[in-house]
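**Q** Input: one structure, supplied below.
The values are calculated or read from the model by the stated rules, or taken from the named source; none is laboratory data. Here the structure is a predicted model, which is why all the values come from computation and not from measurement. Positions of Cβ are backbone-derived with ideal geometry, glycine not excepted, and every protein chain shown enters the neighbour counts. All accessible areas refer to the heavy atoms of the entire protein, side chains included, with ligands and DNA or RNA removed. Shrake-Rupley method; radii C 1.70, N 1.55, O 1.52, S 1.80 Å.
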Amino acid sequence: MKTILSFSLCLCFFPLSAQITRQNNAIRIGDEIIKQQVVYKDPGRSGENVLWDFSKLSAVNPEYILSYKEPYTIKDSINIMGNDTVYLKREDNHNELFQGIEHYTSYYYRIKNDTLYCMGHENPTTLLHYRNPLPAMPYPFGYGQKTARSYTAGGLYSSSDSILSYGNISIEFDALGKMILPSRDTLEHVMRIKKVQTIKRDSISRIGQDVMNTVVETCQWYSKGYRYPVFETVKTIDLKDGENKVFFTTAFFYPPQEHYYLEDDEENLAVLDSLASGNANTGGEEIDPQQWLKDNFMYNFYP
């Protein structure tokens, strides 16, 4: 098992070619990410030269593990809405299939035509399959790019009750900047991906709910030289009765106390070496956020 507690503290200017790529950012079987669940904070504005100050966040759950496993072998099929059979089967090309396990839930992924797709997920109460796979990340993906599509999904709740879900998802590379960590170290070369998924769910017979309309907004921050996100926020908005009511928020942070990276991740090691050689100061530095902001970046602070 390979472990990541990922952060780079190299202090360099952001390259113009900032991209999320398959070579440096695609999922790898056997990787395990250890992160902290922390108090949610607004992800801030989009654009270039953004400063994200996460220096005062406190931990809610000190250890939250996401691991990527071998190709999945879940139920061969499930019956949706009485007459539609959905298949979640092992494919011939195992190199393109992944299972992510996180907080009692298994997520099923596939990389096809340089896009990472989510095929579905299951946990002790719910099994859901995207009938047209949900895009999770295109490769390569550069600053200012955006992609969107509609989807439908079917599944089971409590092994017996049917679920039908549909909506839209958009993925946008919307921001570049640097981040101040809870340790007050600074993290350079930060790239933010924003995902907005609208979800409409038809009634679930056992619990007697009508159509539910929600929006899930997820922001993921990547740093050059590391394969997986270094920070993540999730916000869920209820659109019922025409109101935009936030009913769930959370955030995840990858602690920098120890700087591990995958010893066999040659692509990202090469990036880190290149960044380090470009600047003699590769350690963290404590800075005054207000003064640094005044001297360098546009505002991104909130009351």
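**Q** Around GLU217, what is the net charge, scoring Lys/Arg as +1 and Asp/Glu as -1 over all other residues with Cβ under 9 Å from its Cβ? Present the calculation step by step, with values, prior to reporting the outcome.
**A** Details: positive: LYS194, LYS195, LYS235; negative: none.
For residues surrounding GLU217, the net value is +3.
**Q** Using each residue's phi in segment 54-65, evaluate 6.51 cos²θ - 1.76 cosθ + 1.60 at θ = phi - 60° and report the 3J(HN,Hα) Karplus result to the nearest Hz, with x for Gly and Pro.
**A** 10, 6, 10, 6, 10, 7, 9, 10, x, 9, 9, 10
**Q** Around ILE237, with a cut-off of 15 angstrom between Cβ atoms, what is the net charge of the other residues, counting Lys and Arg +1 and Asp and Glu -1? It would help to have the intermediate numbers written out before the result.
**A** Details: positive: LYS194, LYS195, LYS200, ARG201, LYS235, LYS240, LYS245; negative: ASP42, GLU217, ASP238, ASP241, GLU243.
Once all neighbours under 15 Å are counted, the net charge is +2.
**Q** Report the calculated FRET efficiency for GLU267 and ASP238 (r = Cβ-Cβ distance, R0 = 41 Å), to the nearest 0.05. Can you show the working numbers first?
**A** Working: r = 41 Å, r/R0 = 1.00.
So, using R0 = 41 Å, E works out to roughly 0.50.
**Q** Can you tell me the accessible area per residue over segment 91-181, all protein chains present, probe 1.4 angstrom, in square angstrom?
**A** Working: 3810 Å² over 91 residues.
I get 42 Å² per residue for this part.
**Q** Which ³J(HN,Hα) values, rounded to whole Hz and listed in residue order, are derived for segment 223-229 from phi using the Karplus coefficients 6.51, -1.76 and 1.60 in 6.51 cos²θ - 1.76 cosθ + 1.60 with θ = phi - 60°, glycine and proline given as x?
**A** Once θ is set to phi - 60°, the couplings for segment 223-229 become 10, 4, x, 10, 6, 10, x Hz.
**Q** Still on this structure, I have one more. Would you mind checking the pairs LYS146/LYS194; LYS69/LYS235; LYS41/LYS178; LYS194/LYS224; LYS200/LYS240; LYS56/LYS224 and listing those with alpha carbons more than 19 angstrom apart?
**A** LYS69/LYS235; LYS56/LYS224
**Q** Starting from 0.36 nm per residue, how many nanometres of slack lie between ASP114 and VAL39 once their C-alpha separation is accounted for? It would help to have the intermediate numbers written out before the result.
**A** Values: separation 75, 0.36 × 75 = 27.00 nm, distance 3.39 nm.
Difference between extended and current length: 23.6 nm.
**Q** Counting only residues 5 or more places away or on other chains, whose amide H sits under 5 Å from the amide H of VAL230 once H atoms are built in the peptide plane?
**A** TRP221, TYR222, SER223
**Q** Full-extension gain between SER46 and LYS245, please, as 0.36 nm times their residue separation minus the C-alpha to C-alpha distance.
**A** Numbers: separation 199, 0.36 × 199 = 71.64 nm, distance 2.22 nm.
Full extension of this stretch gives 69.4 nm more.
**Q** Taking a probe of 1.4 angstrom, what is the accessible area of VAL38 in Å², to the nearest 10?
**A** It works out to around 10 Å².
**Q** At what distance in angstrom do the alpha carbon centres of segment 18-45 and segment 115-171 lie from each other?
**A** Cα centres, segment 18-45 to segment 115-171: 18 Å.
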